[in-house]
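Student: The structure under discussion is supplied below as structure tokens; questions concerning it will follow.
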Amino acid sequence: MASYWNRNPIRVFVFLILTVFVVVRSNIPSTPGEGAEERRWEASQVGDVDPGMSVAPPHPHTNTDSFQEELVVRPLHSGDIYASFQFRTVWEADFSRGNKVSHYQLFPKSLGQVISKFSVRELHISFTQGYWRTMQWGQPFLPSPPGAELWVWFQDSVTDVDGTWKELTNVLSGIFCASLNFIDSTNTVQPSAAFKPLGVGNVTDHRFLRYATLPREIVCTENLTPWKKLLPCGSKAGLAVLLKSEKLFHSSFHSQAVHIRPICQDQRCKSTSLELRQTLNAVFDLHTSGQAKREWSLFKMFSRTLTEACPLASSSKIYIDITDNSQGEQFELSPASSLLSQAVVLGDRRTFSVYDLTDQATFGSTLSPFDKKWQYPIGDMLRPLLHAERYVAGYGLQTGEIHTVMYNHHPYRSFPVLLLDSVPWYLRLYIHTLTVTSKGKENKPSYIHYQPSKDRLRPHLLEMLVQLPPNSATEVTVEFERALLKWTEYTPDPNHGFYVGSSVISSLVPSTVATNTSITQEQPLFSSFFPCKEELSYFVRVYTEPLLVNLPTPDFSMPYNVICLTCTVVAVGYGSLYNLLTRSFQIEEPSPGLAKRIANVIRRMRGVPPL
Amino acid sequence: MAVTEVERRRGKLAALSIAAMVILVGVPLWWKTTQTYRAWLPVAQINELAKLQLQLSADVEVVFARGTATPEQQKKVPVTQTQDEDHAVDEDTTLRYRHETRYRTATVMEEDALKQPTAAEADLSLHRLSESPCGSLVIYVIPESSSLLPENVNVYIGQRRTALLRIGAQMKVGKTLKQLLAHLEPRVKQILQVMSFSHNDITAALSDRVRFSPDNKESIADSMRAFKSSPGYEITFSLLNPDPKSHRLHWDIEGAVQTYIQPLLTKLSPVANFSLDSQILYYAMLGVNPRYDSSRSAYILNADSLAHVINPVEARLGSNAASSNPVLNFLLYVPDAHHSPLYIHDHKKREVQTNAFHSPRWGGIMVYNVNGFYQTGTNFPVDVNINMAKVMGVFLAQLRLLLGVQSTAPPSSFQVAPCGSSGLADWELDRLMWSRSVENVATATTTITSLAQLLDQIGNIVINDNIAQQVSSAVTSLQLAVAELEVGNLGFALQYSKEAILASEKAFFDPSLLHLLYFPDDQKFAIYIPLFLPMCVPILLSLLKIVSEVRQRRREKQAKKD
């Protein structure tokens, strides 16, 4: 109760101040009828103000933007369905010239303005609800950590990167209705190796890179709506019609992301264009939502059906992963598609059944193109080669130990991984206790980059390059001490614990299947995000679970109690001192005892002088 | 007994010295450590600004061409003449308009310029001769016989800061100079009403400061149409294509902006900074369903329903994330194939010629019908090239209105030159600058005075040095702006008033003013009581005791004396 005593009045008072503010502001005389209540609508009259110039001959404007949309549906071995949307808008704009007037066609204006104002070179932002279970579901097409993640490469013309970053996070927070404004210097790091630019460009000076995660961020409808607004067709046509929030958020995993990067316009890469990729991944647990029936269809997953492709899209396709279903033993597709496509995704050759939505015949007679009966999968899933997990060990509220375990499931190849850990300052890492062991032996990292934290200023940053031996588990442990926070630094629910963002493990994993490295060939969007330079390995980024760490939490009535107690102690001490100083002490004659007094009374009654 | 007396004296001295310590050291220390930091503010100057006395001065030059005044009259012409006009707008705001009129005769070169065949050419060559400074005017009095002006036109207002005034027929040579000047004066005044500041404009600009009783609806609508003065504006052109399946729209916005909008904005650059962008929005619908009119086989939007048109579109327009300046929206709406053609009807149920309307302080919308592109047997989508000249003519007119370039109807005998390629005459810019300066001054003074009032009322608010600095610079800029207006340096006045408004807003909206560290007094004392009560009670009690003892002793002494 006492904690409320201490906190609520402050809020009440702030409110009071605000009211006073409003009152004072409204004392200003204003025009009658000013404000939102009346907007007069008037017909425009064009008088002689028309400049009367010669009518410019209208010439067809070449449409330089392009838009693609794509949905991949993959039945997972756990019985869940993985749906992955990708929308790609390419804007052939040159930002290096710095021209002021900006004209947008398919590219959203709000993002374009942000990019040009803050000189952003690459921007990657993701909002995720739930944790991707790599061991059950395999690798996702685009990984993302729980909560919000934002990493930005700025142009090398930016002088005050930290200031720009702060402003940018505030603006993005407004655009995506998310609490990205909580990103400050205490949760921002500059990774030196783990996050390389994904687009073209040779700037790799990590002074221009900022990376931050908010593992506590909760993703919901209010983040989806602005995300959908960035699509040229909105949610009115095309695949985005399926994105209905009540179904999307009733899923085991939901992740939406925006990636902006410069890409080559053509093979010779003389000029660049800006690519905006909006991805949305969801894993549906149809067993619980479908009354224990394992049937699935687009309608059951999204409670919508497709009627048309987005008319602005140059390609609009649905891919159904039928690798495990080559003979139709697990599910049937209706209507069946004759078009098959093979693609190498994450070191695995997959077969997809392709539906082209720009082809009117796809929709056919039935409105629901996919209706499938499901049987439990037979056979084992290909185990992901790289996998990681993390936990906090130790007891008590003073010290603890962070364990990060990385698994290499490759039977005979070892490969290096880059581990990035960003730990908030209130967990004080004892970096001398850092140990890396694999198979019971010490595994010395070949590269370690450690930036110690500064209290209330910046987090710990730990990056290292570790070689993972084949078929092994490598454990990285580091001890930490929990710091005491100031009482205003605690969250409103401090006993819930404090989140520590996921570790990021990036690696080039050796692959048995050759990946197509040429960029000329038209590839499905889901397999063409990470640039691939080598044929026999593929890039994987794995995020571990975020940690939830309990910090010593004080009783929040403490400040008031302490004030009262201290005051009382001071008052008592002061009182006795005061008494000692001001009172005069003198020896008093001891007063006569009770017997003597009674005797005296009796003697007085008898008329005898008292004792 | 002597020992106890000494003891008692010592006790008394101890009590007194402790009380003295508490009062001399403790209380000031407590006061100092719990005090909020409040930097010094120029309160006296702010209070001075609360009473605003604005004086607007404009220089007017009246030039007599040959044949309008006799040489004797020309000699006697007074060099300058000052006319003051005082208005008390309300008890705190007074206005004074001062026109300093200078009379002179035309130079030889000016005479040559006035011999040009048309008024427009004369205007141009006069402009080449000399450029009059911002805010001033030159009126050329030309003889009645001059062929520059058509028969029924007496006054020609040029594109720059010059006007040609034809002298009346009754003012033949031979009248006295007094009569001549008396004849000219009302006409000059009329010209000034059109070309320089008018009382209506200025009072409208003061609307932030002064509450007006609504006298007529029309003037309120006029005053509310334009955007508030702001150091910058964002202009956004949006092409709304609700039906991308049927229409593939192409608009050359880049070229159109360069040709039509940019010259105007370049001209307006002293008033504010402008940034331009454009976007295309697909599937953006209007908020109302238009009514089908079978007699015309067209869809009709009534003026009453226009208010509901914008709201659903506005959600899609998006605010400018990268700046906080007000946004002017210009929407070009191409109705979908099933609701086409679409026409806007005004309150009198007549078709609006331009098929466009604007909303005060928001922007404009134009409906662009593309039925001409449908031919029998065309298959959708249809490629449509939008005629940007037609569109930009409408948007330019709306932009002028929304920016507050007033086009008050001049008297019938006036001829106003069509504005040139920039879309704005110099004197129109001057008018805008006058009213913007006054508006900025009015807004900045109200902001600063209300901030001072707020800080005065809540003593707990921390006033940091940067706020004090902003306030002082706002006050200085305001004083400078007022002084420049008084002298008639319009350009500087606007510049200073803009600085004032920026500084005052920055001070008013500084987040440090709303810091979370204010506690109400009763709660502060609830925390202090456990310390103060046990400390103060013994001190008070012993002080009382000493006082009563002293009194007692005095009484005893008195008794002894008696």
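Student: Assuming a ≥ b ≥ c are the square roots of the Cα gyration tensor eigenvalues, decide whether chain B counts as rounded (a/c under 1.5), prolate (otherwise, with a/b larger than b/c) or oblate.
Tutor: Taking the square roots of the gyration eigenvalues as a ≥ b ≥ c, chain B is oblate.
Student: Working out 0.36 nm times the residue gap between A:V354 and A:R604, then minus their Cα-Cα distance, what length gain in nm do you get to one decimal?
Tutor: 77.3 nm
Student: For the stretch B:288-329, which trypsin sites (Lys or Arg not before Pro) are in a loop by DSSP, counting at most 16 other Cβ atoms within 10 Å?
Tutor: Answer by residue number: B:R296.
Student: At a Förster distance of 51 Å, what's the computed FRET efficiency of B:H347 paired with B:I458, Cβ-Cβ distance as r, to 0.05?
Tutor: So, using R0 = 51 Å, E works out to roughly 0.55.
Student: Exposure proxy check: B:L129, B:L401, B:L16 ranked by fewest other beta carbons within 10 Å?
Tutor: B:L129, B:L16, B:L401
Student: Express the C-alpha Rg of the stretch B:448-562 as a ratio against the empirical globular expectation 2.2 N^0.38 Å, rounded to two decimals.
Tutor: Normalised by 2.2 N^0.38 Å, the Cα Rg of the stretch B:448-562 equals 2.11.
Student: Given R₀ = 41 Å, FRET efficiency for A:Q451-B:T266 by Cβ-Cβ distance, to 0.05?
Tutor: 0.25
Student: Counting only other chains, and only Cβ atoms inside 10 Å, what mean value do you get across the residues of B:11-20?
Tutor: 3
Student: Which loop-located chymotrypsin sites (Phe, Trp or Tyr not before Pro) does the stretch B:1-96 contain, where loop means any DSSP state but H, G, I, E or B and the Cβ has at most 15 other Cβ atoms within 10 Å?
Tutor: Within the stretch B:1-96, the qualifying chymotrypsin sites (Phe, Trp or Tyr not before Pro) (loop, at most 15 other Cβ atoms within 10 Å) are B:Y37, B:W40.
Student: Between B:N273 and B:R316, how high is the FRET efficiency from 1/(1 + (r/R0)^6) when r is the Cβ-Cβ distance and R₀ = 30 Å? Nearest 0.05.
Tutor: About 0.70, to the nearest 0.05.
Student: Taking only the C-alpha atoms, wrap a convex hull around the stretch A:141-250 and report its volume per residue in Å³ as a whole number.
Tutor: It comes to 139 Å³ per residue, whole-number rounded.
Student: Any chance you could check the Cα centroid distance between the stretch B:4-47 and the stretch B:448-509 for me, in angstrom?
Tutor: 37 Å
Student: Between A:T399 and A:E589, how many nm apart are label points set 7 Å from Cα along the C-beta direction?
Tutor: Rounded to a tenth, the inter-label distance reads 7.3 nm.
Student: Shape verdict for the stretch A:112-159, please, from the Cα gyration tensor: rounded (a/c under 1.5), prolate (a/b greater than b/c) or oblate.
Tutor: Verdict is prolate for the stretch A:112-159.
Student: Now for a separate question. For the pair B:D112 and B:H308, how long in nm is the line joining their label points, each one 7 Å along Cα→Cβ?
Tutor: 6.8 nm
Student: Scan chain B and report its longest stretch carrying no GluC sites (Glu not before Pro) that are both in a DSSP loop and have at most 15 other Cβ atoms within 10 Å.
Tutor: After excluding every exposed loop site, the longest remaining stretch is B:152-562.
Student: What lysines sit close enough to A:K228 to cross-link, taking a C-alpha to C-alpha distance under 26 Å and skipping anything fewer than 8 places away on the same chain?
Tutor: A:K228 reaches A:K109, A:K117, A:K166, A:K236, A:K244, A:K247, A:K300, A:K317, B:K245.
Student: Over the whole of B:274-286, what's the average partner chain Cβ count within 10 Å per residue? Rounded to a whole number, please.
Tutor: The shielding value for this peptide is 6.
Student: While we're looking at this one, here's another question. If I model a spin label at B:K560 and B:D522 as a point 7 Å from the Cα along the Cα→Cβ vector, what separation in nanometres do I get?
Tutor: Going by the 7 Å Cα→Cβ label model, 5.4 nm.
Student: Expressed as a whole number of Å, what is the distance separating the alpha-carbon centroids of the stretch A:479-515 and the stretch A:136-178?
Tutor: Each part's Cα centre sits 16 Å from the other's.
Student: Angle check, please: helix B:521-561 long axis (alpha carbons) against the longest principal axis of chain B (alpha carbons), in degrees 0 to 90, nearest 10.
Tutor: Between the helix axis and the principal axis of chain B, the angle is about 40 degrees.
Student: For each of B:F509, A:F331, count neighbouring Cβ atoms within 10 Å of the residue's Cβ, then give the residues from fewest to most.
Tutor: Exposure proxy ranking, most exposed first: B:F509, A:F331.
Student: Using the alpha carbons of the protein assembly as shown, what is the convex hull volume per residue in cubic angstrom, as a whole number?
Tutor: Convex hull of Cα atoms, per residue: 327 Å³.
Student: Under 23 Å from the Cα of B:K557, which lysines turn up, not counting those fewer than eight places away in the same chain?
Tutor: Candidates past the 8-residue exclusion: B:K12, B:K545.
Student: What order do you get for A:M301, B:M109 when you list them from fewest to most C-beta neighbours inside 10 Å?
Tutor: The order, fewest Cβ neighbours first, is B:M109, A:M301.
Student: Can you tell me which lysines have their Cα less than 23 Å from the Cα of B:K228? Leave out same-chain residues fewer than eight positions away.
Tutor: B:K51, B:K217, B:K267, B:K498, B:K506
Student: Between A:D160 and A:S314, what length in nm is gained on full extension when 0.36 nm per residue of separation is reduced by their alpha carbon distance?
Tutor: Stretched fully, the A:D160-A:S314 segment lengthens by 51.5 nm.
Student: In deg cm²/dmol and to the nearest 500, what is the mean residue ellipticity at 222 nm of the protein assembly as shown if only DSSP H runs of at least 4 residues count, each as -39500 (n - 2.57), divided by the residue total?
Tutor: Roughly -9500 deg cm²/dmol at 222 nm, from the helical runs in the protein assembly as shown.
Student: For the stretch B:18-139, take the alpha-carbon Rg, divide it by the Kirkwood Rh, and send me Rg/Rh.
Tutor: Across the stretch B:18-139, the Cα-based Rg/Rh ratio is 1.48.
Student: What's the average, rounded to a whole number, of partner chain beta-carbon atoms within 10 Å of each residue's beta-carbon in A:106-114?
Tutor: 5
Quick note: the coordinates plus some simple rules give every number you see, no bench work behind them. None of these values were measured; they are calculated from a predicted model. So basically every Cβ, Gly included, is an ideal-geometry build from the backbone, and we count neighbours across all protein chains shown.
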